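This report concerns only the one structure given below.
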Amino acid sequence: FTPKPLLGKRILITAGPTYEKIDPVRFVGNYSTGKMGFALAEVCAQQGAEVCLIAGPVQLATKHQNIERIDVESAEEMYSAVMSRFYGMDGAILCAAVADFTALDVAPEKLKRGKDNLVLELQPTRDIAAAVGEMKLESQFLIGFALETNNEEANAASKMERKNFDFIVLNSLQDAQAGFGYDTNKISILFRSGDKKEFELKNKTSVAQDIVSEIYAIL
Ligand code: C5P
């Protein structure tokens, strides 16, 4: 018998993309499938945690009975769901690929094709991670993700500081089998101390176990 290391812990996880509507039938989105966040939710639940999984639009099922799932669509809906749930949690893992911009106006009817170009005006969304980072208590942990196309480490490190993460998981885009849609991922973890751990290409469940092991260390 091995005791479950996360028994009694309450963990909030965000996963998947967000969709920002432009008219009743169209949206601006991204390629996130939610696989990494859902793998984290399963691993945390298996380790005894009560998980609150806030998911954008994804084609995935939640299996474990200790996962309470809240489905949202837009960045604004995800923001509200996270803000209303973070209080009372032991920590959060923000894995969602939240849209950085949303339509200023949603057309009430389907946009029609014409001869002219269509110009969409987008405004910045609220940064959920930064807001959680500000409200976080000393006793709560906060883990973020970063996917960078240039200056990966420097950008991830400044993001970790700015958003008050305990550590940040850097997804490598340098590896063909890592990132959006794949069942495998290759990560590095950057810590506030300046330490860095690099991991091999693994399936997302194993990656989730590596991340959860670092959370034990914090708790
Ligand atoms: O700045 P960037 O979007 O690259 O930061 C990524 C991290 O911030 C991820 O952990 C992501 O879930 C989180 N994030 C968020 N709300 C946003 C944008 C990003 O929680 N609006």
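Since every read-out is calculated from the coordinates, none of them should be taken as a lab result. On a predicted model such as this, the values are computed, not experimentally measured, just so you know. Positions of Cβ are generated from backbone atoms using ideal geometry, with glycine treated the same way; all protein chains shown enter the neighbour counts.
Brief remarks follow.
- Positive-end residue of Pro3, Ser32, Ile22, charge dipole of the stretch 1-42 with Cβ unit charges: Pro3
- Computed over the stretch 172-219: relative contact order in percent, which uses C-alpha pairs under 8 Å that are six or more apart: 27 percent
- Angle of helix 35-46 to the longest C-alpha principal axis of the chain, folded into 0 to 90 degrees and rounded to 10: 30°.
- For the chain, calculated [θ]222 nm from helices alone, where every DSSP H run of n ≥ 4 adds -39500 (n - 2.57): -8000 deg cm²/dmol
- Cα-based helix-to-principal-axis angle, 75-85 vs the chain, degrees rounded to 10: 30 degrees
- Ranking of Ile211, Ile168 by count of other Cβ atoms within 10 Å, fewest first: Ile211, Ile168
- When only alpha carbons are used to place a centre, the stretch 61-107 and the stretch 29-57 end up 11 Å from one another.
- Helix 152-162 vs. the chain, principal-axis angle (Cα, 0 to 90°, nearest 10): 80 degrees
- Packing-based ranking, highest mean first, of 106-114, 76-84 given that Cβ atoms within 10 Å are counted: 76-84, 106-114
- Across the cross-link table entries Lys35/Lys136; Lys21/Lys136; Lys35/Lys63, which are compared at the Cα atoms, the separations over 24 Å belong to Lys35/Lys136; Lys21/Lys136.
- Protection proxy ranking of 147-157, 15-25 - average other beta-carbon atoms within 10 Å, highest first: 15-25, 147-157
- Residue (of Met135, Ala49, Ile189) at the positive-pole extreme of the chain, dipole from beta-carbon charges: Ala49
- Working ranking of peptides 135-144, 46-55, 59-68 by packing, defined as the average number of other Cβ atoms within 10 Å per residue, highest first, is 46-55, 135-144, 59-68.
- Where a label projected 7 Å from the Cα of Lys112 along Cα→Cβ would reach, residues of the stretch 21-46 with amide N under 16 Å: 24
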